[in-house]
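Okay, structure first, notes after.
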Amino acid sequence: MDAERARELLAHERSRVEQELASLRADRGDGELSDVDQHTADSGTELFEVERDRSMIERLQGDLAAIERAERRLEEGTYGLSVESGEPIPDGRLEAVPWAERTAQEQSRVDAR
């Protein structure tokens, strides 16, 4: 993949992830007039939402760290090569997942562990 295209894809993904993180971290204005729950189900709903947001934040932070590693590989001249085998990562995979560190087969093996 062309280095300029890789930079463009990584910059777009970095911006998207940072915006999503900012949105999740922002205070939620949910229209409640009071901080006191009116129904017992409110506590369960709030806990679910907090845990869901926490999980999404962790995933996005992982994506951001992977994007940063990909940017370093781009500067080092190793972008597009598997960190595991050194084999080229197909351009189609990099278009879909610009921060990919391995070929799809290698990643499948890692994910199965």
Cβ-Cβ below 7 Å, separation at least six or inter-chain, first residue in region 61-81 and open to solvent by 70 Å² or more (accessible area, probe 1.4 Å), second assigned to a helix (DSSP H, G or I): which pairs? none
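Out of the residues in region 24-58 meeting the condition of being outside any helix (DSSP H, G or I) and surrounded by 10 or more Cβ atoms within 10 Å (Cβ to Cβ), tell me which one is modelled with the lowest pLDDT. Show your work before the answer.
Kept after step one, since they are outside any helix (DSSP H, G or I), are these residues of region 24-58: 26-39.
From what's left, surrounded by 10 or more Cβ atoms within 10 Å (Cβ to Cβ): 28, 32, 37.
Numbers: R28: 53, E32: 47, D37: 54.
For region 24-58, the residue satisfying everything is E32.
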Going by what's in this entry, would L21 be described as within 16 Å of the chain's Cα centre (by Cα), at pLDDT 95 or above and aliphatic (A, V, I, L, M)? no
Any chance you could count how many residues in region 86-113 are more than 21 Å from H12 (Cβ to Cβ), open to solvent by less than 60 Å² (accessible area, probe 1.4 Å) and in a loop (DSSP other than H, G, I, E, B)? 3
In region 72-113, anything within 13 Å of R5 (Cα to Cα) and over 14 Å from the mean Cα position of the chain (by Cα) is listed as L74, Y79, G80, D91, G92, L94, E95
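The values are calculated or read from the model by the stated rules, or taken from the named source; none is laboratory data. Predicted model only: the values in this text are computed from it and were never measured. Every residue, glycine among them, receives a Cβ derived from its backbone with ideal geometry; neighbour counts consider all protein chains shown. When the accessible area is computed, the model is the full protein with side chains, heavy atoms only, and any ligands, DNA or RNA have been set aside. Shrake-Rupley method; radii C 1.70, N 1.55, O 1.52, S 1.80 Å.
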